[in-house]
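Shown next, in structure tokens, is the structure this report addresses.
The values are calculated or read from the model by the stated rules, or taken from the named source; none is laboratory data. The shown structure was predicted, so the numbers you read here are calculated from the model rather than taken from an experiment. Cβ coordinates were reconstructed from backbone atoms using ideal geometry, including for glycine residues, and neighbour counts include every protein chain displayed. The accessibility values were calculated without ligands, DNA or RNA, using every heavy atom of the protein model including side chains. Shrake-Rupley method; radii C 1.70, N 1.55, O 1.52, S 1.80 Å.
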Amino acid sequence: MDESKKAMLKKIGVTALALFFIFYVVREVYRISFDKVETVMAVETQVNNSLFTKGFFIREEEYIINSASGTVVPVAEDGKKVSGGDAVAMVFGDDQSVNCYMRAQTLKEELERYKKLNSITPSSAIDKDGLDSAIDVSVSDLADAINSGDLDSLSSYYASLRDSITKKQLMLGEDINFQSIIDGINNELEMIEKQKISYQTISASGSGYYIAEVDGYESTFDYSQVKSITPEQADALFNQQKAEVPENVMGKLVTGFNWYIVCKLEIKDIADLSPGSKVTVDFPYSSTLPLEAWVDAINVSGADTAAVVLRCNMMNEELANMREEDIEIIFNSVTGFKIPVEAVREDEDRADKGTENEGTKYYGVYVLRSNTVTFKKINIIWSDENYVICADDEIKIYDQVVVKGKNLSDGKAIN
């Protein structure tokens, strides 16, 4: 073969190799561009169908009046039921008497605690695992109280943790002389009891829930007329000035079993509310647990606003001291898989053949398993502009749902 033919064949070979390389690169770029997918994991979540608003608390309240002057110390717990004649507070004539009384109460509590601990011996029937669990729970409760700012609960959580650790020490055989501590407490109590403590007892005038603090809004609205409150009157509740509280007021009683939360809402937002229906009221900026409430009235004014009256009957210390609060009214909750809206596909070709739904489009998502995408039908039960919640047996927890990909089809392999 002459040199010219060799050169021509070499040139043809180089050209073919270059074309093959270009073809390969183009094919890989195309495959990467069109086959590459991005996925998110399907996780189960709960979403509230709710609205956020402000609520004004209306209770049937009456002042506890007493002419005694001095320092008032509550002896009944806020939000607890009392009967007529029950002691709810004590009025002390001077600060020394207050300090002596408070110290005596603390010592009595400590005395009972150390008496119980003194009865524990290494042979006592104490559940070691249960005790360890109690210590863990106390530590967790104490940390939660600190993080949430629940200062009122700190002392009780600390006392619980302290007692559990002491019991653990006793169980392990550590010798702690509680009797000397008990003797010291008794001696201090005897000294306090010898001092003259000046005080008067304030009793409840009737049955109801006792509340130590008053805020000047007790007579804001006629309790008996709350179910007929108008949107204009509801609006006035949130803008009024509190009344001046008389000096001889020593707390108050909530005498009505039911109390109410009044809200002013846009009519467009209350489609899920109806008189007699039950809702859940949550407090997003408070540690108070959610409570059940019933819609007692929806009073409309014009075409835009309504006064909604929610009836409640649960009472505790936190609820007893609420007046105007940010609340979340929860109509219902849905649970399902949270899917980004960009993953949802409309499909008109995958209708149920041979059924009355044939030809009807439905929604679904592509799920990547191994290296294959599979189309899965979904049942959307909730949605917003970013996500849908779907409840369907075809989607499984931790499925990799495709949110980005091109030229996808059911059963397509992704290299």
| query | When you go through Tyr223, Tyr158, Tyr210, Tyr217 one by one, which is the residue that is closer than 18 Å to Met322 by Cα, touching a Leu at 6+ places or on another chain (Cβ under 7 Å) and not hydrophobic (A, V, I, L, M, F, W, C)? | reply | Tyr210
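Which of the residues that make up region 201-218 are open to solvent by 50 Å² or more (accessible area, probe 1.4 Å) and touching a Gly at 6+ places or on another chain (Cβ under 8 Å)? Working first, answer last.
Looking only at region 201-218, we keep the residues that are open to solvent by 50 Å² or more (accessible area, probe 1.4 Å), and these are 201, 203, 205, 207, 213, 217.
Once the filter is applied, which keeps residues that are open to solvent by 50 Å² or more (accessible area, probe 1.4 Å) and touching a Gly at 6+ places or on another chain (Cβ under 8 Å), region 201-218 yields Ser203, Ser205, Ser207, Glu213.
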| message | From the list Ile135, Ile126, exactly one residue is at pLDDT below 75, β-branched (Val, Ile, Thr) and more than 21 Å from Thr288 (Cβ to Cβ). Which is it? | response | Ile126
| request: Could you list, in sequence order, all residues of region 369-415 that are surrounded by 15 or more Cβ atoms within 10 Å (Cβ to Cβ), charged (D, E, K, R) and part of a strand (DSSP E or B)? | output: Lys376, Lys377
| Is it true that Ala236 is at pLDDT below 95, more than 30 Å from Glu77 (Cβ to Cβ) and not in a loop (DSSP other than H, G, I, E, B)? | yes
| query | Condition test on Thr355, is it at pLDDT below 90, part of a strand (DSSP E or B) and more than 34 Å from the chain's Cα centre (by Cα)? | reply | no
| request: Specify which of the listed residues (Ser228, Ser224) is closer than 29 Å to Asn66 by Cα and open to solvent by 40 Å² or more (accessible area, probe 1.4 Å). | output: Ser224
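Are any residues in region 264-288 under 15 Å from Asn48 (Cβ atoms) and exposed (fewer than 13 other Cβ atoms within 10 Å of the Cβ), and if so, which ones?
If we filter region 264-288 for residues that are under 15 Å from Asn48 (Cβ atoms), which is where we start, we get 269, 272-273, 278-284.
Of everything in region 264-288, those that are under 15 Å from Asn48 (Cβ atoms) and exposed (fewer than 13 other Cβ atoms within 10 Å of the Cβ) turn out to be Lys278, Pro284.
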| said: If I filter region 197-225 down to residues being in a loop (DSSP other than H, G, I, E, B) and in contact with a helix residue (DSSP H, G or I) (Cβ under 8 Å, 6 or more places away or on another chain), which single residue comes out as farthest from Met102 (Cα to Cα)? | reply: Phe221
| remark: Matching residues in region 48-84 (more than 20 Å from Asp215 (Cβ to Cβ), in contact with a strand residue (DSSP E or B) (Cβ under 6 Å, 6 or more places away or on another chain) and part of a loop (DSSP other than H, G, I, E, B)) number 3
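Could you tell me which of the residues Thr71, Thr45, Thr53 is under 30 Å from Glu244 (Cβ atoms), polar (S, T, N, Q) and either buried (at least 16 other Cβ atoms within 10 Å of the Cβ) or in contact with a Lys or Arg (Cβ under 9 Å, 6 or more places away or on another chain) (or both)? Break it down into steps so the answer makes sense when it comes.
Details: Thr71 fails: either buried (at least 16 other Cβ atoms within 10 Å of the Cβ) or in contact with a Lys or Arg (Cβ under 9 Å, 6 or more places away or on another chain) (or both); Thr45 fails: under 30 Å from Glu244 (Cβ atoms).
The conditions single out Thr53.
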